[in-house]
1. How many nm separate the modelled label positions at residue 43 and residue 77, each set 7 Å beyond the Cα in the direction of the Cβ?
2. Could you sort the peptides 47-55, 137-145 by per-residue average Cβ neighbour count (10 Å cutoff), highest mean leading?
3. For segment 23-169, give me the percentage of DSSP beta bridges that are antiparallel, rounded to the nearest 5 percent.
4. Apply 1/(1 + (r/R0)^6) to the Cβ-Cβ distance of residue 55 and residue 94, taking R0 = 41 Å, and write down the FRET efficiency to the nearest 0.05.
5. Sorting check: for 73-85, 106-118, which peptide has the highest mean count of neighbouring beta carbons within 10 Å, and how do the rest follow?
6. At 0.36 nm per residue, minus the direct Cα-Cα distance, what do residue 134 and residue 2 gain on full extension? Give it in nm, one decimal, please.
7. Kindly rank 94-100, 119-125 from highest to lowest mean number of other beta carbons found within 10 Å of each residue.
8. Just the number, please: Stokes-Einstein D of segment 23-169 in µm²/s, Kirkwood Rh from C-alpha pairs, 10 °C, 1.306 mPa s.
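What follows is calculated from the coordinates using simple rules that are stated; it is not laboratory data. Predicted model, so just to flag it, every value in this text is computed and none were measured. Counting neighbours? That spans all protein chains shown, and the Cβs are built from the backbone with ideal geometry, glycine included.
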C-alpha cells in the first residue's frame, strides 16, 4: 500500500502539469499580468470607506507605477453602498449586534478606446457586538469597516487580474455578467 501512495504522490504533479493550469502572475513583477495590473489607475472614491477601498486597491494593484511606459492603461471606477443593520435586540430595545454590509459596483475602463471591459459587483459583510462601552463599539465599527474595505479590494483585484490575464494570454475574455441597475 505504501508503494502505491508514493507512486500517486510522484505522479500527481505530472498529472496537474498536463491540465493547463498556470500561475496567475507567471514571470513575477515583470510578467504580462503584473504589468497590466500595475497599469490600472484607481479613480477617487467618495467617503471614508471609499478612501479605505481605494488605498487597499492601490496597494494590491501596485498602482502608481503606471505599468509599461508610466501611463495607465486602465481606469477602475468604483461606487460604494453601505448598510448598517441592527440584529440583536434586548427587551429595552437596546441593539446588541450589528451587521455592516459593503457593496461595490466597479467598472474597468480601457483608456485606449474608452470601452468598459469589466462591469461587476463585489459584496462583503461583517458583524460586531454592541457593548456598553461606546469606545469599544466605535473601535469595533472601524475595524469592521477596514476589514470590509480589504475584502472588497481583494474581490475586485481577483476579477480584474483574471480578466487582464485572459487578455495577456490571448484567450477569450472572461464572461462578465450584466450588473443589476443602480438601487437593486
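1. 0.4
2. Working: 47-55: 17.7, 137-145: 15.3.
The most tightly packed comes first, giving 47-55, 137-145.
3. Working: 27 of 30 bridges.
Bridges in segment 23-169 that DSSP calls antiparallel: roughly 90 percent.
4. On the way: r = 34 Å, r/R0 = 0.84.
According to the calculation, E is roughly 0.75.
5. By packing density, highest mean first, the sequence is 73-85, 106-118.
6. Numbers: separation 132, 0.36 × 132 = 47.52 nm, distance 5.99 nm.
Result: 41.5 nm gained on full extension.
7. On the way: 94-100: 14.7, 119-125: 17.0.
For the peptides 94-100, 119-125, the packing ranking is 119-125, 94-100.
8. Working: Rh = 16.6 Å.
For these conditions, the coefficient is 96 µm²/s.
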